[in-house]
Amino acid sequence: MLISLAELVDRFGGQLIGNGETKVAGFAPLDNADSSHITFLTNPRLRNEVKRSQAGALIISPKDNQLVGDLFKGSRIVAKNPYAYFAHAAQLFESFKTIPPVQGIHPSAVIDPSAKVAPTASIGPFVTIEAEAEIGENCVIEAGCFIGRKAKVGAGCRFFPRVIFLNECEIGERGVLRPGAVIGCEGFGFANEDGVWVKIPQTGRVIIGNDVQIGANTTIDRGALSDTIIENGVKLDNQIQIGHNCHVGENSAMAGCVGVAGSAIFGKNCTVGGAAMIGGHLTIADRTHITASSVVQSSVTEPGVYSGFYPLAKHQEWEKTAVLVRKLGTMRDRIRELEKTVKALTETEK
Amino acid sequence: MLISLAELVDRFGGQLIGNGETKVAGFAPLDNADSSHITFLTNPRLRNEVKRSQAGALIISPKDNQLVGDLFKGSRIVAKNPYAYFAHAAQLFESFKTIPPVQGIHPSAVIDPSAKVAPTASIGPFVTIEAEAEIGENCVIEAGCFIGRKAKVGAGCRFFPRVIFLNECEIGERGVLRPGAVIGCEGFGFANEDGVWVKIPQTGRVIIGNDVQIGANTTIDRGALSDTIIENGVKLDNQIQIGHNCHVGENSAMAGCVGVAGSAIFGKNCTVGGAAMIGGHLTIADRTHITASSVVQSSVTEPGVYSGFYPLAKHQEWEKTAVLVRKLGTMRDRIRELEKTVKALTETEK
Amino acid sequence: MLISLAELVDRFGGQLIGNGETKVAGFAPLDNADSSHITFLTNPRLRNEVKRSQAGALIISPKDNQLVGDLFKGSRIVAKNPYAYFAHAAQLFESFKTIPPVQGIHPSAVIDPSAKVAPTASIGPFVTIEAEAEIGENCVIEAGCFIGRKAKVGAGCRFFPRVIFLNECEIGERGVLRPGAVIGCEGFGFANEDGVWVKIPQTGRVIIGNDVQIGANTTIDRGALSDTIIENGVKLDNQIQIGHNCHVGENSAMAGCVGVAGSAIFGKNCTVGGAAMIGGHLTIADRTHITASSVVQSSVTEPGVYSGFYPLAKHQEWEKTAVLVRKLGTMRDRIRELEKTVKALTETEK
C-alpha cells in the first residue's frame, strides 16, 4: 500500500519540503532505496550518502537539512527526531502487512475452566492456561505458551510461541514477550547448612507494567519474599537474566545477554549495553548508562556513562600485558623507590 | 495456616526466648513484617532494624542475640544458622499452600507404550515421553516437557514446563529442572578439515545425581565419548551453559549466566558467581570460590576466593585507563630505564 | 556392529600399519579403550599414553607415528588429520546405532493446509507449521517445534524439540537446530522519543545457508530493514545471541555464550571463543580468532588471534590490582615527573 508524504506529515508532523503527492511504499536504507522508498538520515557519517541516494523521500533533522538537505534529489520531511519519525511511520507501513490473528481458542489448547480468557483474545495451538488465570482483550497467545495459575495478562499483550508466564505473575497492557521467555521462575535462593544447600521457597511474584517488551529466552525470577518489579515502558532484549527482587525503573532498556543479580534496583531511563553484568543489592541512579560488557559491582549514585572492560589486543600483546597487570603493585613500588632515590639525589645536588 | 513457635522449635531445633504460644503465618523481611510474621537476621548491616521491627518473632544467631536480641520486642528463636533455619521453616509454610499435583497422565500427552511411568507421577499437557524412558514415583512433569528415549528420571523429580531431557540421560531423586532447561543436547564437537567443520558424534550422556536443581534455560551438553557428570546436591541457576564432559562436584553451586567450557572438572563445595566463565580442560579444587564475572583460564589448585574483572569507571576515565593498560609494557620499560639512569647517577654521586 | 581397519582405510583413506582384519566396535579415549576400541592421538601431551593404551587400533599423524607409533601394541592408521579422521569414522559408527525417524506427520501436529511438507519428512508431536511454510525432503522436525508462516526449511534438516523458526526465515540443506533455538525473532530496535522507546518494526528475515548447526537456546534476530545472514557451514554453539542484520561468513564457528550485537559482519573461517562479546556495526576480517571471554569493540582488519580479558587472581590481590588499574594515569604522571627530574639531574652532572 502506498502512502503520500502529505499523509505522513498529517499523521506524524514534520515540515514538508517538496511534493506532498509523492507516494512511497515503505522504508529502505539510504544506499539501497529506490524511488518507491522513503529513507532517513540519523548517522552523521552517512551525510555523504544523501547526494547519491535514489530514495523518493528523506526524513532529516533541521540541522542535517541545513548541511546536506539541498543535495537530496527527492522530497524531504524535516523532523526534530528522524529516528523516532521513522519508527512511527514504519509501524504504519507494517500495520498494512500484518495478518490479523484469529480470535478464539485453538481446539488443541488446554484451558482450565476457571481461567478467564477474553473473547477477543487469540489462543494458539498447544497453549496451556491454568486455573484462575486471566487473559485480557485482544491478547495474542501463540503456540505452546504456558500461563500459570492465577497469572494476569493485560489487554493487547502478545506472547510469541513458547513463552512461559508462571503462576501469580502479572503484566499490564500491550506487553510483548518473545519466544522462549520465562517469567516468574523461582530464583536462586539457597541457605548453606554445613555444606549442603537448603532451598528457600520463592514466594514473591513478577509484576510487569504496561508497554514492556521482553526478548527471546530472557528469564525473570519471581521475588523471594517480596516481588520482582518491571515498570512501564521497560525494554529487555534476548537472553537477559533478571534475578529475584530486582526492580527496573520506567523506560529503562537493556541489550542482549545482560545479567542482573538479585535485589538490584535500577532507576528510570537507564540503558545497559549488551552482556554487561550488574551485581546484586546495588542501586543504579536514574539516567545511568552502562556500556556493553561492563561489570558493575557497586552502586552508581550519579547519572552518567560508565564503562569497565578489558581492551582487546593481539593475543601475544595481551599475554604480556596481562602479566604486567598482575605486577602493577611491583611497578608502583619501583616508582616509589625511584621517587625516594631521586629526591635524595636532588637534595644532595642543592 | 498458623504455626506456634513451640512447634517450629520442636521441628527444627533452636532455643526459644519468649512465648512459645506465639503463632505466625509466614515470613516477611525485618522492615516489612507485622505481628503475624516471623523474620530473621542474617545481614550484620540490618542489626539496627531489630529494634524497629514489628515482627511477631525473630530467628537470630547466638552472637547477634547477645548484641541486639534484647532490643527486639517479640519472641526469639536463637539458632546457629538463622538463614538455614529460615529456609527449613519457609519450606514448611510453603508446603501448606502447595496444591498437590494431579496424579496420572494428561490425555493430550504422547507417551510411547514402552516408556515406564510410575502411577503416582503427574504428567502434564503436551508432554512427550519417548520409548523406554522411565519416570519415577511422585514425579511432576509439567506442560510441554520432552523426555527422550531411554532417559531415566528418579523419584520425586519436578520438571517445570518445557524442560527438554534428551535420550539416555539420567537424573536421581528430588531433582528440580526449571522452565526451558535443556539437558543432554550434543555439545560443540567439530574437527576442522581444510577449513570445513566435521561433526563429531556426541555419544556420551548427562548423568545427574540426587537433589540437583537446574535453572531456567540452562543447557548441559551430553558427553562426547564419556559422560557429563553433575553430582549430588549441585545447584545451577538460570542461563548457565555446561559443556560436554564437564564434571561438577557435590554441593557446588553456580549463579546465573555462568559458562563452563568442555571437560572442566569442578571439585566439591565450590561456588561460581554470576556470569563467570570457566575455560575448558581445567581442574578446580574443592572449596574454590570464583567471584561474579571472573574469567578462569587456568586450573585452580588451591581452595580460596578468586576474582578477575575490569573495574568500572566513568566512561571518559575508562577510555584513558584502557589506553594505558595497553601501554603497560612501555611504562615498565620507562621505569627500567629510569632505574638504570638513577643507579648510574647514584654511583657517580658516591 | 564391528568394522575392520581395512574397511575404514577403504572408506576414509590413511596408511594401515598392522592387521587390516582387526575389527573394532567404536571409539574410546586412549586411556579408557580396550581391544574392541579404536582410539586416536591428537594432543601432544598424551603421547606418553600411547604405550600404555589397550586399544585395538590407533589413528595417528605421520609425525606422531614417527615419534611414538612403535610404542603402540595394536594396529595403526596413519592419517594427515587424525581428529577429522576420527570425526568421519565416529559418524560411521554412530550411523549404525541411529534409529531412523518415522516418516510422516504425528496426528497431534497442527499443520496449516497451505504448508508444504515433503512426504519423506518426519513431523513430531505438538509441532505447529503455519501457512505457506515449506519443509523439505527427509527433514526431521521434533516434538513441539514451531515453523512460522512462509518459512522455508531445506532438505535433510533436523530440528530438535522446541525449536522456533519464525515467519519468512529460510535455512538450506542439512541444517541442525538444537533444542530451544529461536530463529527470526524481532531484534532490539527502538527509537528514543523524549525518554520513551518507540518500536521499530523488524521487517527483514534470517537467511541461513547449508550445513549450518545452531546450538540449544541460541537466538538469532531477523534483520531490521535488510536480512540477517548466516552463510554455509557456520557452527554456533549453545546460548549464543546474534543481533539483527549480522552477517556470519562461511565456516565461521562460535563457542557457547557468545554475544554479537546488531550489524556486525564476520568474515569466513573465523572462530570466536566462549562468552566473547562482539560490538555492533563492526567488521571482522576472514580468519580472525577471538579467544574466549574477549570483548571486541572495534573492527578487526587483520587476521590473527586476539584476546582481551582481565587476568584472574586471588581475590585479595585482585582488589589491590584493580585499584591500581584505575590509578594508571597517576602512575604514568609520576613516571613523567621522574623522567624530567632525572633528565635535569643528568644534565647538571655533565
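Scan the stretch C:223-270 for residues that are part of a strand (DSSP E or B) and either facing chain B (nearest Cβ under 9 Å) or crowded, with 24+ Cβ neighbours inside 10 Å (or both) and report the count.
12
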- Query: Quick one: residue B:299 ticks every box in (1) surrounded by fewer than 23 Cβ atoms within 10 Å (Cβ to Cβ); (2) touching a residue at least 24 places away in the same chain (Cβ under 8 Å) bar one, so which box is it?
  - Reply: (2)
- Query: Of all residues in the stretch A:301-321 being of a type in the set (Val, Ile, Thr) and within 7 Å of another protein chain (Cβ to nearest Cβ), which is nearest to residue C:324 (Cα to Cα)?
  - Reply: A:321
- Looking across the stretch B:94-121 at residues that are part of a strand (DSSP E or B) and surrounded by fewer than 21 Cβ atoms within 10 Å (Cβ to Cβ), the single one that is farthest from the other protein chains (Cβ to nearest Cβ) is B:116
- Message: Against the conditions (1) within 30 Å of residue C:157 (Cβ to Cβ); (2) touching a Ser or Thr at 6+ places or on another chain (Cβ under 6 Å); (3) at pLDDT 95 or above, where does residue C:101 fall short? Just the number, please.
- Response: (3)
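So, in the stretch A:183-207, of the ones that are assigned to a loop (DSSP other than H, G, I, E, B) and more than 31 Å from the chain's Cα centre (by Cα), which residue ends up surrounded by the fewest Cβ atoms within 10 Å (Cβ to Cβ)? Talk me through it step by step, then tell me what you get.
Looking only at the stretch A:183-207, we keep the residues that are assigned to a loop (DSSP other than H, G, I, E, B), and these are A:186-189, A:194-195, A:200-205.
Next, from what is left, pick out any that are more than 31 Å from the chain's Cα centre (by Cα): A:194-195.
Details: A:194: 9, A:195: 11.
Only one residue tops the list, namely A:194.
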- Task: Quick one: residue C:298 ticks every box in (1) more than 10 Å from chain B (Cβ to nearest Cβ); (2) assigned to a loop (DSSP other than H, G, I, E, B); (3) touching a strand residue (DSSP E or B) at 6+ places or on another chain (Cβ under 9 Å) except a single one, so which number is it?
- Result: (3)
- Item | One residue from C:307, C:298, C:293, C:263 being closer than 25 Å to residue B:315 by Cβ, of a type in the set (Ser, Thr, Tyr) and touching an Asp or Glu at 6+ places or on another chain (Cβ under 8 Å) | C:307
- Query: Taking the stretch C:29-50 only, how many residues are surrounded by 18 or more Cβ atoms within 10 Å (Cβ to Cβ) and either closer than 18 Å to residue C:95 by Cβ or in contact with a helix residue (DSSP H, G or I) (Cβ under 7 Å, 6 or more places away or on another chain) (or both)?
  - Reply: 6
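Name the one entry in A:283, A:291 that is surrounded by fewer than 18 Cβ atoms within 10 Å (Cβ to Cβ) and free of Cβ contacts under 8 Å to residues at least 24 places away in the same chain.
On the way: A:291 fails: surrounded by fewer than 18 Cβ atoms within 10 Å (Cβ to Cβ).
When all the criteria are applied, what remains is A:283.
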- Condition set in contact with a strand residue (DSSP E or B) (Cβ under 6 Å, 6 or more places away or on another chain) and in a loop (DSSP other than H, G, I, E, B), scope the stretch C:68-80, selection nearest to the other protein chains (Cβ to nearest Cβ): answer is C:79
- Query: Which one of these is surrounded by 24 or more Cβ atoms within 10 Å (Cβ to Cβ) and more than 12 Å from every other protein chain (Cβ to nearest Cβ): A:129, A:135?
  - Reply: A:135
- Task: Could you please let me know if residue C:276 is assigned by TED's automatic domain parsing to the domain that holds residue C:184 and within 17 Å of residue A:318 (Cβ to Cβ)?
- Result: yes
- Taking the stated definitions as given, is residue B:214 away from chain C (no Cβ under 12 Å), at negative phi, touching a Leu at 6+ places or on another chain (Cβ under 7 Å) and in contact (Cβ under 8 Å) with a residue 12 or more places away in the chain? yes
- Qualifying residue in the stretch B:116-128 (condition: under 16 Å from residue B:182 (Cα atoms) and not small (Gly, Ala, Ser)): yes
- Message: Test of understanding: among C:90, C:131, which residue is farther than 20 Å from residue C:230 by Cα and touching a Phe, Trp or Tyr at 6+ places or on another chain (Cβ under 6 Å)?
- Response: C:90
- Query: Restricting the first residue to the stretch C:62-80 and requiring it to be assigned by TED's automatic domain parsing to the domain that holds residue C:7, which pairs with a second residue that is of a type in the set (S, T, N, Q) meet a Cβ separation below 6 Å and a spacing of at least six or different chains?
  - Reply: C:75/C:19; C:75/C:22; C:78/C:15; C:78/C:65
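Of these, A:56, A:156, which one is surrounded by fewer than 24 Cβ atoms within 10 Å (Cβ to Cβ) and more than 14 Å from every other protein chain (Cβ to nearest Cβ)? Let's see the steps before the verdict.
On the way: A:156 fails: more than 14 Å from every other protein chain (Cβ to nearest Cβ).
Step by step, each of A:56, A:156 is checked, and only A:56 is surrounded by fewer than 24 Cβ atoms within 10 Å (Cβ to Cβ) and more than 14 Å from every other protein chain (Cβ to nearest Cβ).
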- Name the residues in the stretch A:322-350 that are at the interface with chain C (Cβ under 9 Å from one of its Cβ atoms) and β-branched (Val, Ile, Thr), would you? A:323, A:325, A:335, A:342, A:346
- Task: Please determine, by comparing only the residues of the stretch A:92-123 that are touching a residue at least 24 places away in the same chain (Cβ under 8 Å) and under 26 Å from the mean Cα position of the chain (by Cα), which one is nearest to residue A:168 (Cα to Cα).
- Result: A:101
- Query: Taking the stated definitions as given, is residue B:312 over 42 Å from the mean Cα position of the chain (by Cα) and of a type in the set (A, V, I, L, M, F, W, C)?
  - Reply: no
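The values are calculated or read from the model by the stated rules, or taken from the named source; none is laboratory data. Since the model is a prediction, treat every value here as computed from it, not as a measurement. Reconstructed Cβ throughout: ideal geometry from the backbone, glycine too, with neighbour counts over all protein chains shown.
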